Protein chains: 2
Amino acid sequence: MQRAAALVRRGCGPRTPSSWGRSQSSAAAEASAVLKVRPERSRRERILTLESMNPQVKAVEYAVRGPIVLKAGEIELELQRGIKKPFTEVIRANIGDAQAMGQQPITFLRQVMALCTYPNLLDSPSFPEDAKKRARRILQACGGNSLGSYSASQGVNCIREDVAAYITRRDGGVPADPDNIYLTTGASDGISTILKILVSGGGKSRTGVMIPIPQYPLYSAVISELDAIQVNYYLDEENCWALNVNELRRAVQEAKDHCDPKVLCIINPGNPTGQVQSRKCIEDVIHFAWEEKLFLLADEVYQDNVYSPDCRFHSFKKVLYEMGPEYSSNVELASFHSTSKGYMGECGYRGGYMEVINLHPEIKGQLVKLLSVRLCPPVSGQAAMDIVVNPPVAGEESFEQFSRAHQMAPDMFYCMKLLEETGICVVPGSGFGQREGTYHFRMTILPPVEKLKTVLQKVKDFHINFLEKYA
Amino acid sequence: MQRAAALVRRGCGPRTPSSWGRSQSSAAAEASAVLKVRPERSRRERILTLESMNPQVKAVEYAVRGPIVLKAGEIELELQRGIKKPFTEVIRANIGDAQAMGQQPITFLRQVMALCTYPNLLDSPSFPEDAKKRARRILQACGGNSLGSYSASQGVNCIREDVAAYITRRDGGVPADPDNIYLTTGASDGISTILKILVSGGGKSRTGVMIPIPQYPLYSAVISELDAIQVNYYLDEENCWALNVNELRRAVQEAKDHCDPKVLCIINPGNPTGQVQSRKCIEDVIHFAWEEKLFLLADEVYQDNVYSPDCRFHSFKKVLYEMGPEYSSNVELASFHSTSKGYMGECGYRGGYMEVINLHPEIKGQLVKLLSVRLCPPVSGQAAMDIVVNPPVAGEESFEQFSRAHQMAPDMFYCMKLLEETGICVVPGSGFGQREGTYHFRMTILPPVEKLKTVLQKVKDFHINFLEKYA
């Protein structure tokens, strides 16, 4: 009892309420009387110190915003004050914050958000109808038609419906249920919430959580906060940071000596490594989780940030369903997405969602209860999430501008996707000139007839899928 | 190891990756082969169940959004479907959500938020200059001048400055330091964060957290999540739910048998009880915390919701400072405010702040680190907090409309405050008629000369203070 010892040392016994004055001067006089053995004002030992604080919190490390970043802030202030350095500005490449780096927000998203914020603007002719339509849909689902009301703890109903529809489109028709969607305060919130529910046991049966190394430090931080056991598996740097299931096996076997490995965290596309898992690799991981009875966490916040034409994002949810009912009915999966990454980069709104698969109904109740304690995620972030999953579509007023915001004209976008998904290389109509508002592509018909048949079938399949996804 | 037992029982040994198919049909065929002993699709025992989950989370109770509220949602759906009930609508009086109850948002706040959201509107003549000024100030302090960037984990600098200036005005000049202000995701986030840092120890030295009964259930929920020890002190129902320091003494003495009481939570004005602590009572509590070496948490989110003319809100911070340096240099205090209550009622934005006093510098570092893990509070909520603490002032274009939003004309507001703070009853000029845009009050000069001198001195002091606070 260090605190009690401090009290005794200075001889400050309990005082009755009558002995301390109401006015500042009398209280000050008394304080100096009490402390007369020391001429200078003395400070008692504090209650909350590095020694007395929560040791799990003390053990947390968070490099993304650690000492380097604090130092960067100091250097920026020094530069502002005119202190000379071998450089004139600090480039903050420590965090994925597109708008801080000068990326302009997507006009459509901000229009919808402004309309939701200040509904008087719904009468303004300077906002497009499709933006107004989105804003009305969101506001109608809010208490008192206002972003200022609390939402349901799980999130606004219609936004969860839009998220489910987005996932279904993204995954080529694998159904998503709005009841399995939980809107969150960024993806971090969802990840830490589900981990909080998962961790239990003591000693050798304490929950082990498998994470990639390198990892995004949210994972190690939350594991530390929860006093869970961190189980490292190493990504293969020699092989473009690929995930190797043999390494998962090694890690889980070793971990079983000192904990109960219960959770497997996957970051795909990787953060900080950027690798994109092949479909085969995802199947391997799902089978491994099934085999080892591990709860899967799939952090997929970078799903729209795949740059190599050789790579394609496959969601764990989709692959799980395609592996058949033994997997899709049994493997427990939570996957995460966010407004912060992709082409939107709306980090500040702290929007995100979690989709859960095969979660026990009683646990769903526990999850809602736990989320309820914090009332609800920011409703403005929920609205931002809605626009990320429900962007303008062809035929809507904002579609063209929005598509340009993808930094690609619609025909360029179509041809790029066709190439990426089928390997068929054609030329966008804009290279040849076309009437404004119409889009074409040009393809040669030189391949032999049999090959051409295959090519045309592929184009047809791609086209149907493309319309399903973007139209 | 229940999960391992489940595996053995069904005879599903590990399978090699080569044994499971890529296509949905082959995987389905295989699954039915594996499960042929049972004609219906079978489910393995789940990893995450009520038995296996985090027992601290299971123990959480959260009545504000518990079964009654879930039932309310069901009844609303039934009413929508036309099912007859002895009532036609559900009145949600379970939660303090003003806008869901039809209260209109404050125009000025939403104008600033819309301008921040969609800065093109800064060129629109339909927004007032003072709103544009606030929006520019906020945007200039945001990364990339955008609400879509992450902010510093502690919150946007200029907003913390505005909060500190607000606290200084509110507390009649007691200084507040922006470095002691942490912007949060609603007050709940601040409360649970500081509690998370405070809880430590095992067995009989586990941290005890004193909370009022009745309490707001966030406290019991977070205490349960953290596996801390809840120490109840009872408010005195016979005495308008007043807090009695003798009851605090009883509670802390009894608690010392089984835990280390280290934190005292106060809710003032009370939630759910609505009582407002007298200045004397606050002094008593601060002295008690000093004496017992308790870290004080002052939940002051209802500071603008004081309705009785006999009551006045005093902040713990102000009283602490007025009690002199022995208290103001030693008592560790965290106090909380929010955008959700008061006249703003902007619950959905999840804005809030925490002010810490006498926090050890090393602990401040720990606090920033812990906040960093979640990156930052929603920037739109931070902006809303800025407008709550930085409303239009006399002379600004929006001041009159904003004052009406207080549902009181400026002269009515002045006279009401004068009465509340000095007991002097005068009549607003509007009762007599006055030129538009000017404000007066009428007072009689019937009291004897000596009394009149005192009265005029009081009016003078009040007026200076009023201008300091609102001008």
Exercise. Which condition does B:M210 not pass, out of (1) open to solvent by less than 10 Å² (accessible area, probe 1.4 Å); (2) within 24 Å of B:Y302 (Cα to Cα); (3) more than 19 Å from the chain's Cα centre (by Cα), if it passes all the others?
Worked result: (3)
For this session: Kindly establish whether A:Q24 is modelled with pLDDT of 50 or more and within 9 Å of chain B (Cβ to nearest Cβ).
Result: no
Exercise. Among B:I167, B:I191, B:I211, B:I197, which is part of a helix (DSSP H, G or I), away from chain A (no Cβ under 12 Å) and of a type outside the set (S, T, Y)?
Worked result: B:I167
Seminar exercise, completed: Inside segment A:348-362, the number of residues satisfying the requirement of being touching a helix residue (DSSP H, G or I) at 6+ places or on another chain (Cβ under 7 Å) and not in a strand (DSSP E or B) is 3
Exercise. Cβ-Cβ below 8 Å, separation at least six or inter-chain, first residue in segment B:142-154 and not assigned by TED's automatic domain parsing to the domain that holds B:I363, second of a type in the set (D, E, K, R): which pairs?
Worked result: none
Exercise. Pick from segment A:352-400 the residues that are among the acidic types (D, E), more than 9 Å from every other protein chain (Cβ to nearest Cβ) and open to solvent by 10 Å² or more (accessible area, probe 1.4 Å): which of them is nearest to A:F413 (Cα to Cα)?
Worked result: A:E400
Exercise. Considering only residues of segment B:147-195 that are of a type in the set (D, E, K, R) and closer than 14 Å to B:C376 by Cα, which is surrounded by the fewest Cβ atoms within 10 Å (Cβ to Cβ)?
Worked result: B:D189
Exercise. If you take the residues in segment A:91-116 that are open to solvent by 40 Å² or more (accessible area, probe 1.4 Å) and in contact with a Lys or Arg (Cβ under 9 Å, 6 or more places away or on another chain), which one is nearest to the other protein chains (Cβ to nearest Cβ)?
Worked result: A:M101
Exercise. Got at least one residue in segment B:392-400 being within 26 Å of the chain's Cα centre (by Cα), assigned to a loop (DSSP other than H, G, I, E, B) and at pLDDT 85 or above?
Worked result: yes
Exercise. Looking only at residues in segment A:133-162 that are facing another protein chain (nearest Cβ under 8 Å) and assigned to a helix (DSSP H, G or I), which one is nearest to A:I387 (Cα to Cα)?
Worked result: A:G143
For this session: Taking only segment A:216-250 into account, find how many residues are open to solvent by 40 Å² or more (accessible area, probe 1.4 Å) and touching a residue at least 40 places away in the same chain (Cβ under 8 Å).
Result: 1
Exercise. Of everything in segment A:44-70 that's out of contact with any Lys or Arg (no Cβ under 9 Å at 6 or more places or on another chain) and open to solvent by 100 Å² or more (accessible area, probe 1.4 Å), which residue is modelled with the lowest pLDDT?
Worked result: A:P67
For this session: Note down all Cβ pairs under 7 Å where the first residue falls in segment B:195-210 and is under 20 Å from B:V356 (Cα atoms), the second is among the aromatic types (F, W, Y), and they're at least six residues apart or on different chains.
Result: B:L198/B:F295; B:M210/B:Y233
Exercise. Any idea how many residues of segment B:348-380 are at pLDDT below 90 and either among the acidic types (D, E) or under 14 Å from the mean Cα position of the chain (by Cα) (or both)?
Worked result: 1
Exercise. What number of residues within segment B:175-228 satisfy the criterion of being touching a Ser or Thr at 6+ places or on another chain (Cβ under 9 Å), of a type in the set (A, V, I, L, M) and over 13 Å from B:C265 (Cα atoms)?
Worked result: 7
Exercise. Scanning segment B:113-132 for residues that are free of Cβ contacts under 8 Å to residues at least 24 places away in the same chain, part of a helix (DSSP H, G or I) and not hydrophobic (A, V, I, L, M, F, W, C), which turns out nearest to A:G96 (Cα to Cα)?
Worked result: B:N120
Exercise. Which is more than 8 Å from chain B (Cβ to nearest Cβ) and closer than 18 Å to B:A383 by Cβ, of A:P125, A:P119?
Worked result: A:P119
Seminar exercise, completed: Residues in segment B:268-298 that are under 18 Å from B:K318 (Cβ atoms), open to solvent by 10 Å² or more (accessible area, probe 1.4 Å) and not polar (S, T, N, Q) total 5
For this session: Out of B:K204, B:K133, report the one residue that is outside the structural domain of B:V252 (by TED's automatic domain parsing), surrounded by fewer than 18 Cβ atoms within 10 Å (Cβ to Cβ) and more than 20 Å from the chain's Cα centre (by Cα).
Result: B:K133
Problem set entry | Identity of the residue in segment B:77-90, closer than 27 Å to A:R374 by Cα and at pLDDT 70 or above, that ends up least open to solvent (accessible area, probe 1.4 Å) | B:L77
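The values are calculated or read from the model by the stated rules, or taken from the named source; none is laboratory data. Everything numeric here is computed off the predicted structure, so don't read it as measured data. Every residue, glycine as well, gets a Cβ built from its backbone with ideal geometry; the counts of neighbours run over all protein chains shown. Note: areas computed on protein heavy atoms with side chains; ligands, DNA, RNA excluded. Shrake-Rupley method; radii C 1.70, N 1.55, O 1.52, S 1.80 Å.
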